[in-house]
1. If residue 181 passes every condition in (1) away from the ligand (no atom under 11 Å from the Cβ); (2) open to solvent by less than 40 Å² (accessible area, probe 1.4 Å) but one, which one does it miss?
2. Working only within segment 365-412, note down all residues that are open to solvent by less than 20 Å² (accessible area, probe 1.4 Å) and either out of contact with any Ser or Thr (no Cβ under 6 Å at 6 or more places or on another chain) or part of a strand (DSSP E or B) (or both).
3. For residue 148, which of the numbered conditions (1) of a type in the set (Ser, Thr, Tyr); (2) without any contact (Cβ under 8 Å) to a residue 24 or more places away in the chain; (3) crowded, with 22+ Cβ neighbours inside 10 Å fails to hold?
4. Just for segment 320-350: of the residues that are polar (S, T, N, Q) and farther than 22 Å from residue 382 by Cα, which one is most open to solvent (accessible area, probe 1.4 Å)?
5. Where residues in segment 158-174 are more than 10 Å from the ligand (Cβ to nearest atom), hydrophobic (A, V, I, L, M, F, W, C) and in a helix (DSSP H, G or I), which of them is least open to solvent (accessible area, probe 1.4 Å)?
6. Can you name the helices (runs of 4 or more DSSP H) wholly within segment 41-157 that have at least 2 residues being within 22 Å of residue 358 (Cα to Cα) and not charged (D, E, K, R)?
7. Looking at 90, 55, which is the one that is within 12 Å of the chain's Cα centre (by Cα) and either within 16 Å of the ligand (Cβ to nearest atom) or assigned by TED's automatic domain parsing to the domain that holds residue 19 (or both)?
8. Please name all residue pairs, on different chains or six or more residues apart, with Cβ atoms under 8 Å, provided the first residue is in segment 60-85 and is under 29 Å from residue 100 (Cβ atoms) and in contact (Cβ under 8 Å) with a residue 60 or more places away in the chain and the second residue is within 16 Å of the ligand (Cβ to nearest atom) and acidic (Asp, Glu).
Amino acid sequence: MNIIDIISKKRDKLELTKEEIEFFIKGYTENIITDYQASALIMAIYINGMTEREIADLTFAMAYSGETLDLSELGNVVDKHSTGGVGDKITLVLMPIIASLGIPVAKMSGRGLGFTGGTIDKLESIPGYDTSISIEKFKENVKKIGISLMGQTLNIAPADKKIYALRDAIACTDSIPLIASSIMSKKIASGANKIVIDVTCGSGAFMKTREEAEELARIMTSIGEKLNRKTVCIITSMDEPVGYAVGNLLEVIEVVDILKNKYMPEDVKKIIEELGANMLILAGKVSNIEEGKHLIIENIKNGKAYEKLLELVKSQGGDITYIENTDKFEKAKYITPILAEKEGKITEINALTIGKLSCYLGAGRIKKEDNINPKVGFVFCKKVGSNVKEGEIIAYIYSDDEKKTKEILEKNIIKIQ
Ligand code: URA
């Protein structure tokens, strides 16, 4: 078998065998297949697609390209993943709720790349929070307090790591077979048997249309079935940022406020109810969606989810006094209001634009090695559809750079009609 024949086969729209896919993944992981050969094959897959059988074989080969984690000793763990978005703080809101309902949460999360954020970057804005604890400590925390959230310290799905970086560099990120295999391989390798996936759809997501999101959801569910992992996909909107805050620390503060029951953005409520109820069904805790939704909101209102968040932060070395009093967090140097230019209705807060501008302010990274600034981003005061008066404050820019703030102020990023 050789890689040139495999590339030609996919270039000519033919179906690859399981053995050919495994040959590629093993060879690329071990640096025997070069980046330029892998780029050619990935581009051929991007253009010509894959059958469901090929996607399942690709997923399996990537999942077992490195270390795998066995979580069976922890009980009925249900995992959650998002296909990515802007202001997407759902993991941080939902997982303490799920744990407070007695379902073990053992979750490995990622960092942000490009305009999408990542849970690990957000958690690291809490002083002391250690996202790279040992696997033993990770499991011990789940056994003791029912929850642990950490980064990927193990060599989980290294083939995905290499292919993901390559896709980013050759304009092949938004491909259904490549996204489906990337997500599912990581989930399988990190020990998830039951998985709820938030398939985001809209300007700030990889899937721009409902049809594409439905197709991605269908494929991931079917891969899960083939590989014996119960998978439920929920499609959620990513046209405007989720909630009101965008930026790592700003999102953590919003999560704390939500779990302290200070306020609840409508979109966050809808997403946590839908995802959470499905997680509770998969865990066998409830038998229908309505009952699940009720429990999710109840455990915010009774304070149990907030208590679980405090336990989580404490167990991973974080200073809970910052959670108890978020005014303690050091804020960005310049907090500048954006005023409504006229009276009317907000018609657009484009998630992609906001994600890119947050990245420009320093909230995200362009390259994996980049450092991020946890303090910068945006806090909106209104959502799309809200009425505003001329001169009313509609958002704040959090920035450490006066020049960048001025540039953003000139951009008219919130459309009013
Ligand atoms: N999230 C992933 O883990 N992989 C993708 O390809 C896209 C989103």
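1. The number of the failed condition is (1).
2. Result: 365, 377, 378, 380, 388, 394, 395, 397, 399, 408.
3. (2)
4. 325
5. Among residues in segment 158-174 that are more than 10 Å from the ligand (Cβ to nearest atom), hydrophobic (A, V, I, L, M, F, W, C) and in a helix (DSSP H, G or I), the one least open to solvent (accessible area, probe 1.4 Å) is 159.
6. Passing ranges, in order: 90-100, 119-123.
7. Checking each option against the conditions leaves just 90.
8. 80/198; 81/198; 82/88; 82/198; 83/198
The values are calculated or read from the model by the stated rules, or taken from the named source; none is laboratory data. Note that the structure is predicted; figures quoted are calculated from it, not measured. Cβ sites come from the backbone with ideal geometry, for glycine too, and all protein chains shown count toward neighbours. The area values use the complete protein model at the heavy-atom level, side chains included, leaving out ligands, DNA and RNA. Shrake-Rupley method; radii C 1.70, N 1.55, O 1.52, S 1.80 Å.
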